[in-house]
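The values are calculated or read from the model by the stated rules, or taken from the named source; none is laboratory data. From a predicted model like this one, the values you see are computed outputs, not experimental measurements. Here the Cβ positions follow ideal geometry from the backbone for every residue, glycine too, while neighbour counts run over all protein chains shown. With ligands, DNA and RNA removed, areas are computed over all heavy atoms of the protein, side chains included. Shrake-Rupley method; radii C 1.70, N 1.55, O 1.52, S 1.80 Å.
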Amino acid sequence: MAHSSIALIYGTDTNNTEEVGQKIANQWEELGEEVEIFNIKDIEPSLLEQYSTLILGIPTWDFGGIQSDWEEIGDILSELSLENTTIALYGLGDQFGYGDYFVDAIGWLYEKLLPTNATFIGQWPTEGYEFEASRACVHDKTHFIGLAIDEDQQFDLTDQRIEQWVIQLYAERAVEAA
Ligand SMILES: Cc1cc2nc3c(=O)[nH]c(=O)nc-3n(C[C@H](O)[C@H](O)[C@H](O)COP(=O)(O)O)c2cc1C
C-alpha cells in the first residue's frame, strides 16, 4: 500500500547531499506536506515502493563515479515496482573541479530508474552553471534531469535554487495527479 506522504532518500559521503535534502524537505513542509527522510544505506530498496512521491538525492564522486551506497543497489533499482510513482532527482557536484563529469550520478540514477516506468518531474535549467559535460543533461544540454546543487562553487545559490525547485515540483506533481 503506497503512503500518501513523500519520501526523500539520499546517499552521501561527506553529508552535503543530506544537508541539501533536509532543506528540500523543510521547503516541502512549508507547503503543508510531511516528508520522511532516509539515508539509502539504512533502508531496503523495496521501501521506495511504499511512497507515491520520491525525491532521490545523489552526489558524484571520482570523475563521474556513483556514490557507493546507491551504486551497490543499482541493479535492484531497475526492478522496483514504481510505475505509479512520481520521482524527482537531485544531485551534488562541483562544476569547476569536475566540469567534464558535473553531477553525472544524477544521470546514472535516472538511467537505472527508467525501466520502472516511473514518472519523472523536476527538470532544471542548465543556465547559470559552467561545465563541459554531464550525464545528467537532457534536451540538448538545456536542462538537467533533476536539480543540480554545487555546494563547492555556488553555495550562495543553493537556498534559492531549492526554493524554486520545490515550488516547481509542487506544481508539476499537481498536473500529474490531475
Ligand atoms: C575526490 C573528489 C571527486 C569528485 N568527483 C566529482 C565528479 O566527478 N563530478 C562532480 O560533479 N563532482 C565531483 N566531486 C564533488 C562532490 O560531488 C561534492 O563535493 C558533493 O557536494 C559531495 O557530496 P556529499 O557530501 O553528499 O558526498 C568530487 C569531489 C571530490 C573531493
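Some points to look at:
- Among the residues making up the range 136-152, those that are in a loop (DSSP other than H, G, I, E, B) and in contact with a helix residue (DSSP H, G or I) (Cβ under 9 Å, 6 or more places away or on another chain) are A136, I145, G146, D150, E151, D152.
- Residue in the range 59-76 that is nearest to S46 (Cα to Cα), counting only those that are hydrophobic (A, V, I, L, M, F, W, C) and crowded, with 17+ Cβ neighbours inside 10 Å: I73
Yes/no matrix, rows are residues, columns are (1) open to solvent by 10 Å² or more (accessible area, probe 1.4 Å); (2) away from the ligand (no atom under 16 Å from the Cβ); (3) over 12 Å from the mean Cα position of the chain (by Cα):
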residue	(1), (2), (3)
I9	no, no, no
T17	no, no, no
N26	yes, yes, yes
Y101	yes, no, yes
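- Of all residues making up the range 145-178, the number that are surrounded by fewer than 18 Cβ atoms within 10 Å (Cβ to Cβ), closer than 21 Å to A118 by Cα and under 16 Å from the mean Cα position of the chain (by Cα): 4
- The lone criterion from (1) surrounded by fewer than 19 Cβ atoms within 10 Å (Cβ to Cβ); (2) closer than 19 Å to Q50 by Cα left unmet by K112 is number (1).
- Residue in the range 122-138 that is more than 25 Å from D42 (Cβ to Cβ), within 14 Å of the chain's Cα centre (by Cα) and open to solvent by 40 Å² or more (accessible area, probe 1.4 Å) present: yes
- Matching entry among G107, G91, G122, G128 (being at pLDDT 95 or above and touching an Asp or Glu at 6+ places or on another chain (Cβ under 8 Å)): G122
- Residue in the range 44-57 that is within 11 Å of the ligand (Cβ to nearest atom) and buried (at least 16 other Cβ atoms within 10 Å of the Cβ) present: yes
- Within the range 58-99, considering residues that are among the aromatic types (F, W, Y) and within 7 Å of the ligand (Cβ to nearest atom), the one nearest to the chain's Cα centre (by Cα): W61
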